[in-house]
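Structure first, then comments.
Derivation of every value follows stated rules applied to the coordinates shown; laboratory data play no part. Only a predicted model underlies this, so the values are computations on that prediction, with no experimental measurement involved. Cβ placement follows ideal geometry from the backbone for every residue including glycine, while neighbour counts extend to all protein chains displayed.
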Amino acid sequence: MQWESVGQFFAMGGYGRFVWGSYAVTAAVILIEVATLVRRHRTLRRRAGRSTATDSNGSSP
Amino acid sequence: MAVNWFKYASPQTFYPLAGRLVPLFWLLAIVLGAIGLYIGFFVAPTDFQQGESYRIIFIHVPAAWMSMVIYVVMAAWAGLGLVLNTRLSSMMATALAPTGALMTFLALWTGALWGKPTWGTWWAWDARMTSELILLFLYIGFMALQAAIDDPRRADKAGAILALVGVVNVPIIYFSVKWWNTLHQGASVSLTRAPSMANAMLLGMLIMALAFWAYSIGAALLRVRSVILERERHAGWVRELPPG
Amino acid sequence: MGAAFVAVFRRDILQAWRRRADWLNTLFFFVIVVSLFPLGVGPEPEPLRTMAPGILWVAALLAAMLSLQRMFGDDFADGTLEQLILAPQPLPWLALAKIAAHWLLTGVPLTLLAPVLGLQFGLEGEPLFVLVAALLLGTPCLSLIGAVGAALTLGVRGGGVLVALLVLPLYIPILIFGAGAVAASAAGISAAPHLSLLAAGLLLALALAPWATAAALRVAAE
């Protein structure tokens, strides 16, 4: 193990803001993409179900 | 074999299959990512030249690789869709583009953050970084063209032609940028030379690359599910989907 | 086949002649853009001389790009394009005729104007000849690659900006070799490698771009 303390781990030998800046943005980008993808799919899926419902009423085109 | 293959070429059969594959690939990405990061942060030694700042390569290099791989795969799907007129292949191309663009952005972002401590500048007009930037432009062009065309079939075909033209151009662009870069020695810094890598570093990087790979496949599959729902919303099978 | 090529080519030139102002605007645009740079970066001759190849080439790229929309736009609007697609002659061949007309109307005048503007930037002697040679090899590439972008964006929302987005990244190798040729010559190095690479690029574009353009035109006309 090369880190003697948590503080040392986060300091990254003085390069902390570069290393963690990279990892934080990567994590954020991936989380945002996942969230958008999941939400988009859920909305579309719900809409697909709704189109069946309106169809049975005979009001949808 | 061929029959088996084509069975999944219809959006209707592919939609549930993709739904089963997404969690699988993402689970794989999480497991591989955890292993890769553990190796990257706790096993790989400090680099004697760059200190701890080199630990950015565990995401920088995989993102850069994925940005290029995804473009080629995207062009291949788009070309397949154009030639065989299979809707699903074109949808895969559409679904891959945003993830590829994100990977390109990440490669540029992490490259800049690595460049600052290593060469003392956020941005160098070095052949690799410049090519990566141009690749981002190509992704943006592909997405902008598809977004500007309302008819999905036309968008597919136009996008395919652009992607194929782009794929022919990528090696030419890379070569020209490299050529340009070597001619302007004054502006270049010797940054492409990788430090002699310890095995643990290489292993961590490869595992992270696999994690990025698995993540990208999962993301593209989930996006293609949305694309299928959007395009086939008037088809009977979509209307009969159970809610969820 | 030759007759069809000549007919399409002549028709485009004649139409452009009837609307000379449109094509002159492209040239004025080129001159204006080039003239803006000294005003932006200052009148010192030395930096201007080193930047001249890049400035002239970037301005030529933009001017060629701005004129792309007219290549197929009118034909698309008035239905001529469908006639061309239905014609017995192969569409890539007819597309090549239109590309050749576009080059004659933009590339050639740009090439002729460029040395005059080069003089304003302190380029003299051999670099000016290299500039003309590089533009002669490079501007057909701009028309060829641009034709693909023009065909892809026919009748598409926001076509003007979109064409720039699609085409400019693909123009980068031409810019690098074209400007590089002039810069090399100005620095006293042989420009031959750059010019050969431009010629290779032209051959490749000649072989591929008409097909891609034809495919894109078919998609647009569907």
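Key figures for this structure:
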{"quantity": "Assigned charges on the beta-carbon of Lys, Arg, Asp, Glu; segment B:127-171 dipole about Cα centre (debye)", "calculated": "100"}
{"quantity": "Alpha-carbon centroids, segment B:158-172 and segment B:16-89: separation in whole Å", "calculated": "22"}
{"quantity": "Dipole of segment A:6-53, positive direction: furthest Cα of A:T43, A:V25, A:G7, with charges on the beta-carbon", "calculated": "A:T43"}
{"quantity": "Charged-residue dipole, Cβ positions (Lys, Arg, Asp, Glu), the protein assembly as shown about Cα centre, Debye nearest 20", "calculated": "1420"}
{"quantity": "Spacing of the two label points (7 Å from each Cα toward its C-beta) at C:F28 and C:L14, in nm", "calculated": "2.7"}
{"quantity": "Candidate aspartates and glutamates for bridging to B:K116, where Cα separation is under 20 Å - those fewer than 8 sequence places away on the same chain excluded", "calculated": "B:D47, B:E52, B:D126, B:E132"}
{"quantity": "Residue-averaged 222 nm ellipticity for the protein assembly as shown, from DSSP H runs of 4+ at -39500 (n - 2.57), nearest 500", "calculated": "-28000 deg cm²/dmol"}
{"quantity": "Label-point separation in nm, B:L21 to C:I189, each point 7 Å along Cα→Cβ", "calculated": "4.8"}
{"quantity": "Sites C:L206 and A:E4, calculated FRET efficiency, Cβ-Cβ separation with R0 60 Å, nearest 0.05", "calculated": "0.40"}
{"quantity": "HN-Hα J in Hz across segment C:197-207 - Karplus 6.51, -1.76, 1.60, θ = phi - 60°, x for Gly and Pro", "calculated": "5, 4, 5, 4, x, 4, 5, 4, 5, 4, 6"}
{"quantity": "In order through segment C:25-38: 3J(HN,Hα) via Karplus (6.51 cos²θ - 1.76 cosθ + 1.60), integer Hz, x for Gly, Pro", "calculated": "4, 4, 5, 4, 4, 4, 4, 5, 4, 4, 6, 5, 4, x"}
{"quantity": "Chain C, relative contact order in percent, only Cα pairs under 8 angstrom and at least six apart counted", "calculated": "27"}
{"quantity": "Signed unit charges on C-beta, dipole axis of chain B, positive-most listed residue B:P45, B:L221, B:A144", "calculated": "B:L221"}
{"quantity": "Reachable aspartates and glutamates, given that their alpha-carbon falls under 15 Å from the alpha-carbon of C:K98 and they are not under 8 places away in the same chain", "calculated": "C:D12, C:D74, C:D75, C:E82"}
{"quantity": "Sites matching chymotrypsin sites (Phe, Trp or Tyr not before Pro) across segment B:1-94 that sit in DSSP coil, with at most 11 neighbouring C-beta atoms within 10 Å", "calculated": "B:F48"}
{"quantity": "Backbone HN-Hα couplings from phi across segment B:167-178 [Karplus 6.51/-1.76/1.60, Hz, Gly and Pro as x]", "calculated": "5, 5, 7, 4, x, 5, 4, 4, 4, 5, 5, 5"}
{"quantity": "Whole-angstrom gap from segment B:124-157 to segment C:103-153, using each part's C-alpha centre", "calculated": "26"}
{"quantity": "Among C:A207, C:A164, C:A52: highest mean-square fluctuation, GNM of chain C, C-alpha pairs under 10 Å", "calculated": "C:A207"}
{"quantity": "Shielding by partners - mean other protein chain Cβ count within 10 Å, residues of B:142-153", "calculated": "4"}
{"quantity": "Cβ charges +1 (Lys, Arg) and -1 (Asp, Glu), total dipole of segment A:6-53, debye", "calculated": "560"}
{"quantity": "Extreme residue, positive dipole direction of the protein assembly as shown, given options C:L66, B:F25, B:G115 (C-beta unit charges)", "calculated": "B:F25"}
